[in-house]
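Before I ask anything, here is the structure I am working with.
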Amino acid sequence: MPSITSQYLARYRRLTGDRPDVLLPVTGAQRRFLLVRSLDPAGRPDVVPMFFAFPYGTIDPGRLRAAATRLAARHTALRSRPAVLRGTPVLRVADPDVGVTRPALEPGESPADALRRAVDSWDAQGPPVRLFLVRDEEREEDILAVVLDHAVCDGRSLARIVDELGAAYGEEATEPHATPGDTEAELTAYRDAVLRQLAAEERAETPEAAAYWSDRLHALHTHAPAPRPARVPDGAWPSGAAQARLPAHDGGVAFPQLLDACRSAARELYGPGRAVPLGYPWGGRPAGAEPVVGCFLNTLVFPADTGHGPGTEVTADAWWDDLDRADVPFDAVVTAARAAGSGWTGGLDGLLTVDDDSRRPPLVLAGVEGREVHIDGRPVRGPFAVSVTQGAEIRLRMVWDRAVLADETAHRAFDALTHTLTRALSPSEHPVQ
């Protein structure tokens, strides 16, 4: 039977015919985001917002718009619109179109409220990159939101986008967006990278890999409690958040220790004796491809056993085995699990993302470094999500859907997460490498 990837490529080629420069194929990671959007009752896409505060007078909106448009013109993914045509996910190549929107504060709103409202009103049919600018009178700052459709970017792309946006802001506004030759060369490099990624995914979809994921995930079900909208008080944000800072000690924390910490949180949320689907992004650009901006990180699934756990060494061994099959696209993994009798449909009860702060350059506009800020309270796709930033210290954040999890339960889970990591980071412990 043809693999999911080969079936996708066949549908794509029938759809595009002689228009490969207008409709581009998508990676397995992008395919997941587009299919999740199509299944969402409100058609909500996954978006990635970054917020930066600058002193009054730093940002010239016209210059910023010109810089962002030049940036989008230079990268195929940033000027392409995600779409699903005849059931086939694609990117539709378009002209660069990046505006700077200045949301007005409604009565009683804070600047954060206005930005939250602006980001959450995202029109899925619009451009994949958008900028929002709000003035904070109290702090004498302008807060800039750089927001991207997740289907066109991953973590590696975000760092490059921030760096190049600052560089483009420093260019003369009269400089051309990109020459036709540069645009064509980048489009060719982008298409080549995506096709290389799809070739790797097609090779990974073997019967042996399907059997592995069937066995690994056959016990999965979605164990989140049924949504209870009444838990969200009138006027409250739809999500809660907690954060902590931990000493990094020698090199920070190994990924299997983070998985075990998320297992501890899941135990508090869902009780013992469960197999909770926890997703995390993994991967990189395919071998031989240019380092193009786009979305190339697959979502892997870790079945978090909410018993007392087998220990970090066993977790590490299983995780390494998972990474050997990391190129199998998410939808093929779900199909394999369901073929083994699981009732799991691909929903994730938790999400773990890890960043290295040395790879996150600050946004610098006209020589002024923006202060990155967090704006909490936005809707989250799943019951809870954990983000970890490693560097001189470990910055730990957890957000949760208040329609699914009560605040007091989520805070207990965050305490368990933090306690497990603190113990793992103790100098008396020996991190798994």
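The values are calculated or read from the model by the stated rules, or taken from the named source; none is laboratory data. These figures come from a predicted structure and were not determined experimentally. Note: ideal-geometry Cβ built from the backbone for every residue, glycine included; neighbour counts use all protein chains shown. Note: accessible area is taken over every heavy atom of the protein model, side chains too, but ligands, DNA and RNA are not part of it. Shrake-Rupley method; radii C 1.70, N 1.55, O 1.52, S 1.80 Å.
Quick one: ALA316 ticks every box in (1) at pLDDT 95 or above; (2) surrounded by 15 or more Cβ atoms within 10 Å (Cβ to Cβ); (3) farther than 18 Å from ARG381 by Cβ except a single one, so which number is it?
The single condition ALA316 does not satisfy is (1).
So which residues in segment 75-115 are in a loop (DSSP other than H, G, I, E, B), out of contact with any strand residue (DSSP E or B) (no Cβ under 7 Å at 6 or more places or on another chain) and either over 27 Å from THR179 (Cβ atoms) or free of Cβ contacts under 8 Å to residues at least 12 places away in the same chain (or both)?
ARG86, GLY87, ALA104, LEU105, GLU106, PRO107, GLY108, GLU109, SER110 - these are the residues of segment 75-115 that are in a loop (DSSP other than H, G, I, E, B), out of contact with any strand residue (DSSP E or B) (no Cβ under 7 Å at 6 or more places or on another chain) and either over 27 Å from THR179 (Cβ atoms) or free of Cβ contacts under 8 Å to residues at least 12 places away in the same chain (or both).
Sticking with this one: So which of ARG325, ARG274 is under 21 Å from the mean Cα position of the chain (by Cα), over 30 Å from PHE52 (Cα atoms) and open to solvent by 60 Å² or more (accessible area, probe 1.4 Å)? Walk me through it before giving the result.
Values: ARG274 fails: under 21 Å from the mean Cα position of the chain (by Cα).
After applying the criteria, what remains is ARG325.
Results for (1) farther than 19 Å from VAL380 by Cα; (2) open to solvent by 10 Å² or more (accessible area, probe 1.4 Å); (3) modelled with pLDDT of 95 or more; (4) in contact with a helix residue (DSSP H, G or I) (Cβ under 8 Å, 6 or more places away or on another chain), shown as yes or no for each residue.
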position: LEU78; (1), (2), (3), (4): yes, no, yes, yes
position: PRO89; (1), (2), (3), (4): yes, no, no, yes
position: ASP97; (1), (2), (3), (4): yes, yes, no, yes
position: VAL100; (1), (2), (3), (4): yes, yes, yes, yes
position: GLY108; (1), (2), (3), (4): yes, yes, no, no
position: PRO111; (1), (2), (3), (4): yes, yes, yes, no
position: ALA124; (1), (2), (3), (4): no, yes, no, yes
position: VAL134; (1), (2), (3), (4): yes, no, yes, yes
position: ASP142; (1), (2), (3), (4): yes, no, yes, no
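Within the set of pairs 6+ apart or on separate chains, which have a first residue in segment 192-209 that is in contact (Cβ under 8 Å) with a residue 40 or more places away in the chain and among the acidic types (Asp, Glu), a second that is open to solvent by less than 60 Å² (accessible area, probe 1.4 Å) and assigned to a helix (DSSP H, G or I), and C-beta atoms under 7 Å apart?
GLU201/THR5; GLU201/GLY28; GLU202/THR5; GLU202/SER6; GLU205/ILE4; GLU205/THR5; GLU205/ALA332
Of the residues in segment 385-409, how many are touching a residue at least 12 places away in the same chain (Cβ under 8 Å), outside any strand (DSSP E or B) and either farther than 16 Å from THR422 by Cα or touching a His at 6+ places or on another chain (Cβ under 9 Å) (or both)?
Qualifying residue count, segment 385-409: 7.
Which residues, taken from segment 307-345, are under 16 Å from HIS221 (Cβ atoms) and without any contact (Cβ under 8 Å) to a residue 24 or more places away in the chain?
Those that are under 16 Å from HIS221 (Cβ atoms) and without any contact (Cβ under 8 Å) to a residue 24 or more places away in the chain: VAL334, ARG338.
Now, a different point. Please pick out the residue among VAL368, VAL364 that is in contact with a Pro (Cβ under 9 Å, 6 or more places away or on another chain) and over 29 Å from LEU39 (Cβ atoms).
From the options VAL368, VAL364, the qualifying one is VAL368.
Still on this model: I'm trying to understand the selection: among the residues of segment 201-225, which are over 12 Å from SER3 (Cα atoms), open to solvent by less than 50 Å² (accessible area, probe 1.4 Å) and either assigned to a helix (DSSP H, G or I) or modelled with pLDDT of 90 or more (or both)?
TYR212, TRP213, SER214, LEU217
Restricting attention to segment 168-184, and to residues there that are open to solvent by 60 Å² or more (accessible area, probe 1.4 Å) and not in a loop (DSSP other than H, G, I, E, B), which single residue is farthest from GLY367 (Cα to Cα)?
Looking at residues that are open to solvent by 60 Å² or more (accessible area, probe 1.4 Å) and not in a loop (DSSP other than H, G, I, E, B), I get GLU184.
Please find, within segment 1-48, the residue that is surrounded by the most Cβ atoms within 10 Å (Cβ to Cβ) out of those that are over 26 Å from the mean Cα position of the chain (by Cα) and among the aliphatic types (A, V, I, L, M).
So the residue we want is LEU15.
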